[in-house]
1. When Lys and Arg each count +1 and Asp and Glu each count -1, what net charge do the other residues less than 15 Å away from Val103, Cβ to Cβ, add up to?
2. Return the whole-Å distance between the Cα centroid of segment 170-187 and the Cα centroid of segment 26-78.
3. Is segment 7-225 best put as rounded, prolate or oblate by its Cα gyration tensor, with a ≥ b ≥ c the root eigenvalues, rounded for a/c under 1.5, and otherwise prolate when a/b is larger than b/c, oblate when not?
4. 7 Å from Cα along Cα→Cβ at both Asp140 and Glu30: what's the point-to-point distance in nm?
5. Given contacts defined as C-alpha pairs under 8 Å and at least six residues apart, what's the relative contact order of the chain, whole-number percent?
6. Which one of Ala146, Ala92, Ala59 has the biggest mean-square fluctuation once the chain is modelled by GNM with Cα springs under 10 Å?
7. What does the net charge come to around Val183 if you take all other residues with beta carbon closer than 13 Å to its beta carbon, with K and R at +1 and D and E at -1?
8. If you build a Gaussian network model of the chain, linking Cα atoms that sit under 10 Å apart, which residue out of Ser157, Ser199, Ser115 swings the most?
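Quick note: the coordinates plus some simple rules give every number you see, no bench work behind them. Worth saying up front: this structure is predicted, and the values here are computed from it rather than measured. A quick note on method: Cβ atoms are made from the backbone with ideal geometry, for glycine too, and the neighbour counts reach across all protein chains shown.
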Amino acid sequence: MRSPRDVGVVVVAAGRGRRAGGGPLKQFREIGGVPMVLRAIRPFAAHPEVAHVAVVLPAEAVATPPPWLAALRGEGVHLVPGGAERSDSVAAGLAALPPSCAVVLVHDGARPFPSRDTIDLVLAEARAGRAALAAIPVSDTLKEAAPGGRLVARTVSRENLWRAQTPQAFPRALLERAHAAAVPGATDDAALVEAIGGSVVLVPDDAGNLKVTSEEDFVLAEALARR
């Protein structure tokens with residue numbers, strides 16, 4: 001039995017990307033000849049269960065988008081002005097999705113290589129009534145520094161530790177309740193759900209689903225695009 005086409009996606013790309021250097025907005029820079037945010041959008045826009053994609057951008061990019069982005073408008077893709085903080089931008093994208101979207105995925109526009117397998121896995125968890133996030137088990141040794149310096153205070157066990165990534169998926173009602181509670185200090189949407197007592201499932205992700213934040217990351221992303 002086919003799943004309904006009732007999924008909304010919020011692609012968060014409202015940041016300025018200052019760590020990636022000067023020039024155009026980081027999310028518009030090309031990777032393998034394709035703008036990064038477009039790479040992030042395409043796997044969701046092409047998914048058979050996705051009905052709407054809200055792409056959250058700086059206000060000026062929504063007002064005067066580049067031609068390749070303006071061409072996406074309609075056909076289920078909407079451009080939405082972002083807010084002061086990431087949570088504000090996600091809330092704006094969430095509000096832009098029609099009520100028919102019963103399941104919502106949130107994805108970073110700076111992650112240009114989300115895999116279909118990961119999308120399907122987090123989506124299945126959300127359809128079962130749970131929040132889910134793509135994540136990778138921590139493999140490095142972790143050190144905690146002493147306050148105010150670089151002296152090692154202790155080695156932190158990496159057992160049961162994961163690096164949170166996106167996409168993250170939620171029953172819409174759960175995500176709306178989490179955002180309404182607006183718990184300060186939460187750095188992703190899964191943390192907002194945790195704060196209101198919701199269950200969140202970890203879904204093992206592909207290591208290629210990197211977040212591009214620096215010039216070095218763009219070099220790696222170019223290599224991944226050539227794979």
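1. Every neighbour counted, the sum reads 0.
2. So the two Cα centres are separated by 24 Å.
3. Since a/c reaches 1.5 but b/c is at least a/b, the shape of segment 7-225 is classed as oblate.
4. 3.2
5. 23
6. Its mean-square fluctuation being the largest, the pick is Ala146.
7. Once positives and negatives cancel, what remains is -3.
8. Ser157
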